[in-house]
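Participant: Before anything else, here's the structure in question.
The values are calculated or read from the model by the stated rules, or taken from the named source; none is laboratory data. Values in this document were obtained by computation on a predicted structure and should not be read as measured data. Methodologically, a virtual Cβ is constructed for each residue, glycine included, from the backbone with ideal geometry; neighbour enumeration extends over all protein chains shown.
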Amino acid sequence: PYYSRLRQEIEHFGGVVEKFIGDAVVAIFGVPLAHEDDAERAVRAGLSITEAIEEMNETGSAQLQVRVGVNTGEAVVDLHPRHREQAAVVGDVANTASRLQQVAPVGGVVVGELTYRSTRDAIDYDELEPVVVKGKPDPLPIWRATGAGSRLDFDFGAANEVALVGREHELALLDSIYGRTVEESSPQLVTISGEPGVGKSRLVREFGALLESQGAGALWRQGHCLSYGKGIAFLALEEIVKAHTGILKTDNRTQATDKLDHAIQAAIEDDSETEWVKARLAALIGTGSLETTSSTDWGESFAAWASFFEAIASSRPLVIVFEDLHWADPALLDFIEYLAEWTTGVPMLVLCTARGDLLESRTQWGGGLRNSTTLSLTPLGGDETNQLLHELVADRSLEEQFRSTLFERSGGNPLYTVEFVRMLQERGIPTAKDASKTIPMPETVQAIIAARLDTLSAPQKTVLHGAAVLGKVFWTGAASDIGDMDRETVRRHLRELARKELLLKARRSSIAHEDEYSFRHPMIRDVAYGQIPRLVRAGQHRSAALWFEGIPGTELGDHVELIAHHYNAALSYARASGGAAGEGPVVSSAIRALEMAGDRALQLDAGKAYSYYHDTIQLLAEEASERPGMLAKATEAGWLSGQLDPAAAEHDYEVATTGLLAQGNSLAAGEVMVKSARVIWERGDATRSRALLNEAVALLEEQPPGRELAFAYAQAAGERWASDLSRECLEWSDRTLDLAERLGMTKQIVQARGFRGCARCELGDPAGLDDVREALRVGLDMGLAHETAVQYNNLGYLVWQTKGPDEALEIYRPGIEFAERRGQRIDAMTMRSSTQEALFDTGQWDDLVAAADEVLRWDSVHSGSQAGALALIDKAQVLLWRGHIEDAAALQEEFLPRARETKDGKVKVPALITAIHISRSRERFAAASSLVEELGDACGDGSKEWSRHLLDVLRILSSVLPLEAMEALLPGADVTSTRLKHARLTGEAILAEVKGEFKLAADRYVEAVSAWATYGSVVEQARSQAGAGRCLLELGRDEEAARCLNDARGVFLELEDHSLVSELDTYMEKVPAVDLRDLQESTPPSHAAGGDSAGSSEEVTVTLNPAD
């Protein structure tokens, strides 16, 4: 009676008795067919068994005790054991269930974590203390089932085509947003968010149908993000571009290039932009290549892609759809936000669908964009669910029969309701009586879909499993190869699966002569894939890779990442299932595909490339000849993406170099040494970096001159320029130019010509500006982005030194605009930082603060940049002079540690100067004294970086350094930089004042006033006026002193420099009574904004209102 009663209870709930072991019983649920509530059935059976044992104890003489353990998970099941009435199950899930049974209390049902999570809305539980069981390293969380509940809420779903219900408001809102987009030519970003199955994709399809029915004339382009395939960062965007250009997967490189050219020419009218856009789009779709791009610097690609879409939308309203954005790589999310933020003046609607995961992982998604809307879909209400049921079920009585149950189970999720009803219709429920006992009520969407799939015939399921290996989108030929079936049979089964609404057939295939299908919902694919045994998956992934490799036109390379994914998956599953014997050919193919995928990813995303290269290295044997070269590739990608710190990158480069030299590959070793020297330079060790760079050059010069040597020469020229070795920079620049011009290396030509121009200017040759201007012209003509932006910045700096701040700003501003337009955000921020010195000179301090704030907003994401450190310093200076001392001190807490860490004089010297002024203003004189000593060391280290801050250095150190040391800081009389000439003149005045030679000091200050006025520095002009006033006051020339002090005070008052105004007031108090009105009548109008004044000090004064 005991055994038969237990079998009765188990089979009543749809379970199968696997075996009896003594008085123990092993039962399986979900075999031979899966049900959506198998976990719940098992728990209910356990509860029923405990009740049955109690009943048997009450009516029989024997007193029985029972413990029940329930666990859920994947297992290998033999459906055809020797005894037909049994099944055999093997796996950890069964072993764990046995352990749970052993720790269960007498008369109790204990479940594991997955069972609890799957049934907690249907079963009531008490949580127990975690237990330690054999074979498990960590304690297992367990729960005791106390009874059947009725709380139902499911979280997963799959899509279905039925009448749209309950989304009228959302559809009208989309239509309204589109109307505003067209009427105002204003791009909009709309994100439709909601739980799986709530109807996001369906709403998008309905919106598309609405536009089509309205004859809106919109161009609709759509791409899908994949849940698998490491490194397919921009696949959705690639789909969109290929759809617009008409490129098929079967097109060869020439065909694809021609189609791309035609599409670009049709969209973009500006010929100067076409080559630039083409290069970035070609890299995206695989027909072209670019030099290495850091994973944090896609700016130029983003700008080009956005320009392409903007051009398309300028002639016709454009709707761009990104589906399943919760699976998107961060890079694609960055681009979509970029597209929404920077595109202007065209009717473009960017429409995205995503689960709530997106907003959880990217909390600021769309934040701050005034043209962004997030549309959150909520579950349907009771009336709407009833309406949906009416659409789904033709039999009205059947609808009434299941209405309350379905609403409770679905929680208003339309997809859950749809899939539930369809499963019931496919299985056929003849009567209400039968339905009340045997209807498999779904507890999760995975269970719903698994139950539907188990209604398929064996051949249909085989085809579906093969399709799942390929992904959400697949083709008839691939499914045929994977399933080892003839095409016609596969085609017939696919049509039947589409009729069952599991698949959708595409109107137009992306591969010629192949029917293209997709899973109606990704969840269907996921569940189907999960049903495939691991060893079978291994073989099918290999078949998928071979099929992709055999597609005509594989030289296009747009599916190399998929090939890599399939080969890697094949190896992973083969090894996990113990079936790795004979894997050699698969390993070789995986290595080849992963390296190709890394090479392609490197064009757009160094981070993804690093992942591919790293996986490749893991597959290579230690003694493999390819290993050093692959390590060099991985190191470069890891360094550029920030995934390798400088120390690790240097170590890996050294290992790669050793390996390459051992192989006799001097060219590759030399190139790696150059890259390693760059890393060492970034670590602040210029001496060791230069030594390695020289060693690399010597090694490469032993070989026939080529690309590697030109690359090394260019790096050497740049290193000499950064080290203030102008003469050496000039020599290396000439070497680079000679070789690069012979090899046609345009980027190196532009770099070297720019370095040469900078060096010539530093050496006193004003014609160096012509070199930089020529480098800028070539960069613009050749469509180079980064290199051109660098030349804008170099030219702006040189003009600031030689011509003045106003002319420099006229170069910086279009340079910033160019860099922003070409996506070079780092270069744009660097130039904004450079403008801050010119803006300070001209007295445009409000503009300086605005520029600094913009740089700092960017730096908050790209922390640690030199531009960010300089922005902190310059903003702190303005805050300090304007009397906001504590605000400036707060910024010092950020900029001073950063400046010390960089060891770069361009940052460290102004940081120390500003910190000294802040400490003195806060009366923290001990700290100021320590900082002054540190500044003295920085200025005495042989570097010339402090020279642009000569006057600040002299003013600070004049009280602590001997006069001889002060005089040694002055540049020689042969200095050629206009700014440095004026600084020398002013420095002579400062030293004369320190010596007490007030007549000489006053004369020098007056000369400096005129010089700075001509140059355009309002601030230094006023400071020189103040110096002249102090010296004239010492000489007893009170009226002249009062005029100079008054003029200087007017400038600083207008600048809101309260510190210097207060200082000048102190001096003005020492002047005998002078009628300020008389002074004003004898002076010309003010030039506080830096006008074109020239001549004597009286001709460049700034007056004060009498009331002041």
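Participant: Pairs only if they're at least six apart or on different chains, beta carbon under 6 angstrom, first in the stretch 606-627 and under 24 Å from L661 (Cβ atoms), second basic (K, R) and modelled with pLDDT of 90 or more; list them, first residue then second.
Facilitator: Close Cβ pairs satisfying both conditions: Y613/K633; L620/R627.
Participant: Is it fair to say V960 is over 21 Å from L763 (Cβ atoms), crowded, with 23+ Cβ neighbours inside 10 Å, β-branched (V, I, T) and under 50 Å from the mean Cα position of the chain (by Cα)?
Facilitator: It is false that V960 is over 21 Å from L763 (Cβ atoms), crowded, with 23+ Cβ neighbours inside 10 Å, β-branched (V, I, T) and under 50 Å from the mean Cα position of the chain (by Cα).
Participant: If you check G286, G246, which single one turns out to be under 22 Å from L562 (Cα atoms), under 22 Å from the mean Cα position of the chain (by Cα) and not assigned by TED's automatic domain parsing to the domain that holds A609?
Facilitator: G286
Participant: State all residues of the stretch 599-636 that are among the β-branched types (V, I, T) and in contact with a Gly (Cβ under 9 Å, 6 or more places away or on another chain); if no residue qualifies, say none.
Facilitator: Within the stretch 599-636, just T616 meets the criteria.
Residues are listed down the side, and each one gets a yes or a no for (1) of a type in the set (K, R); (2) out of contact with any helix residue (DSSP H, G or I) (no Cβ under 6 Å at 6 or more places or on another chain):
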position: Q188; (1), (2): no, no
position: P196; (1), (2): no, yes
position: G199; (1), (2): no, no
position: G208; (1), (2): no, yes
position: G217; (1), (2): no, yes
position: L237; (1), (2): no, yes
position: G246; (1), (2): no, no
position: K259; (1), (2): yes, no
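Participant: Now a separate question. Restricting to the stretch 987-1025, give me the number of residues that are in contact with a Cys (Cβ under 7 Å, 6 or more places away or on another chain) and among the aliphatic types (A, V, I, L, M).
Facilitator: Residues in the stretch 987-1025 being in contact with a Cys (Cβ under 7 Å, 6 or more places away or on another chain) and among the aliphatic types (A, V, I, L, M): 2 in total.
Participant: If you don't mind, another one. Which one of the conditions (1) in contact with a Ser or Thr (Cβ under 6 Å, 6 or more places away or on another chain); (2) crowded, with 24+ Cβ neighbours inside 10 Å; (3) not aromatic (F, W, Y) does N794 fail to meet, given that it meets all the rest?
Facilitator: With respect to (1) in contact with a Ser or Thr (Cβ under 6 Å, 6 or more places away or on another chain); (2) crowded, with 24+ Cβ neighbours inside 10 Å; (3) not aromatic (F, W, Y), N794 is out only on (1).
Participant: Looking at the stretch 645-670, which of its residues are part of a loop (DSSP other than H, G, I, E, B) and touching a Ser or Thr at 6+ places or on another chain (Cβ under 8 Å)?
Facilitator: Of everything in the stretch 645-670, just one residue is part of a loop (DSSP other than H, G, I, E, B) and touching a Ser or Thr at 6+ places or on another chain (Cβ under 8 Å), namely Q663.
Participant: Right, next: Which of the numbered conditions does Y653 fail, given that it passes all the others? Conditions: (1) in contact with a Lys or Arg (Cβ under 7 Å, 6 or more places away or on another chain); (2) buried (at least 23 other Cβ atoms within 10 Å of the Cβ); (3) at pLDDT below 90.
Facilitator: (3)
Participant: Determine whether S315 is among the polar types (S, T, N, Q), closer than 16 Å to W220 by Cβ and either at pLDDT below 90 or touching a helix residue (DSSP H, G or I) at 6+ places or on another chain (Cβ under 8 Å) (or both).
Facilitator: yes
Participant: Being in the same structural domain as Y567 (by TED's automatic domain parsing), touching a helix residue (DSSP H, G or I) at 6+ places or on another chain (Cβ under 9 Å) and more than 30 Å from R41 (Cα to Cα) narrows it down to one residue among L456, L504, L535, L464; which is it? It would help to see each step written out before you state the result.
Facilitator: On the way: L456 fails: more than 30 Å from R41 (Cα to Cα); L535 fails: more than 30 Å from R41 (Cα to Cα); L464 fails: more than 30 Å from R41 (Cα to Cα).
Sole residue among the options that is in the same structural domain as Y567 (by TED's automatic domain parsing), touching a helix residue (DSSP H, G or I) at 6+ places or on another chain (Cβ under 9 Å) and more than 30 Å from R41 (Cα to Cα): L504.
Participant: While we're on this one: I need the full set of residues from the stretch 941-995 which are among the polar types (S, T, N, Q), assigned to a loop (DSSP other than H, G, I, E, B) and at pLDDT below 80, in order please.
Facilitator: Correct list: S943, S958, S959, T976.
Yes or no, residue by residue, for (1) more than 24 Å from H326 (Cα to Cα); (2) modelled with pLDDT of 95 or more; (3) in contact with a helix residue (DSSP H, G or I) (Cβ under 7 Å, 6 or more places away or on another chain); (4) not in a helix (DSSP H, G or I):
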residue: W220; (1), (2), (3), (4): no, no, yes, yes
residue: L226; (1), (2), (3), (4): no, no, yes, yes
residue: G229; (1), (2), (3), (4): no, no, yes, yes
residue: A243; (1), (2), (3), (4): no, no, no, no
residue: H262; (1), (2), (3), (4): yes, no, no, no
residue: V277; (1), (2), (3), (4): yes, no, yes, no
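Participant: Determine which single condition S1024 fails, assuming it passes every other condition in (1) outside any helix (DSSP H, G or I); (2) touching a Phe, Trp or Tyr at 6+ places or on another chain (Cβ under 8 Å); (3) not charged (D, E, K, R).
Facilitator: (1)
Participant: Regarding the stretch 1037-1045, can at least one residue be identified that is within 29 Å of I918 (Cβ to Cβ), in contact (Cβ under 8 Å) with a residue 12 or more places away in the chain and basic (K, R)?
Facilitator: Within the stretch 1037-1045, none of the residues are within 29 Å of I918 (Cβ to Cβ), in contact (Cβ under 8 Å) with a residue 12 or more places away in the chain and basic (K, R).
Participant: Does I320 satisfy the condition of being part of a helix (DSSP H, G or I) and of a type in the set (V, I, T)?
Facilitator: Taking the combined requirement at face value, the residue does not satisfy it.
Participant: Scan the stretch 623-638 for residues that are assigned to a helix (DSSP H, G or I) and not polar (S, T, N, Q) and jot them down.
Facilitator: R627, P628, G629, M630, L631, A632, K633, A634, E636, A637, G638, listed by residue number.
Participant: Output the residue which, of all residues in the stretch 372-396 that are out of contact with any helix residue (DSSP H, G or I) (no Cβ under 7 Å at 6 or more places or on another chain) and in a strand (DSSP E or B), is surrounded by the most Cβ atoms within 10 Å (Cβ to Cβ). Talk me through it step by step, then tell me what you get.
Facilitator: Residues of the stretch 372-396 out of contact with any helix residue (DSSP H, G or I) (no Cβ under 7 Å at 6 or more places or on another chain): 374, 376, 378-379, 381, 383-384, 387, 391, 394-396.
So of that shortlist, the ones also in a strand (DSSP E or B) come out as 374, 376.
Numbers: T374: 16, S376: 14.
Filtering the stretch 372-396 for residues that are out of contact with any helix residue (DSSP H, G or I) (no Cβ under 7 Å at 6 or more places or on another chain) and in a strand (DSSP E or B), the one surrounded by the most Cβ atoms within 10 Å (Cβ to Cβ) comes out as T374.
Participant: Quick one: would you say G864 is surrounded by fewer than 23 Cβ atoms within 10 Å (Cβ to Cβ), modelled with pLDDT under 85, part of a helix (DSSP H, G or I) and not charged (D, E, K, R)?
Facilitator: No.
Participant: Let me ask something else. Taking the condition under 34 Å from the mean Cα position of the chain (by Cα) and either among the aromatic types (F, W, Y) or over 27 Å from E901 (Cβ atoms) (or both), does R690 pass?
Facilitator: No: the conditions fail for R690.
Participant: When you scan the stretch 354-371, how many residues do you find that are surrounded by 17 or more Cβ atoms within 10 Å (Cβ to Cβ) and either within 19 Å of the chain's Cα centre (by Cα) or farther than 26 Å from G823 by Cα (or both)?
Facilitator: 7
Participant: Which members of the stretch 515-544 meet the condition of being assigned to a strand (DSSP E or B) and of a type outside the set (A, V, I, L, M, F, W, C)?
Facilitator: Passing the criteria: E516, Y517, S518.
Participant: Could you please tell me which pairs satisfy a Cβ distance under 9 Å, a separation of 6+ or placement on different chains, a first residue in the stretch 310-327 that is touching a residue at least 12 places away in the same chain (Cβ under 8 Å), and a second residue that is buried (at least 21 other Cβ atoms within 10 Å of the Cβ) and aromatic (F, W, Y)?
Facilitator: Within 9 Å, the pairs are P317/Y178; L318/F309; V319/Y178; V319/F207; I320/F309; L325/W365.
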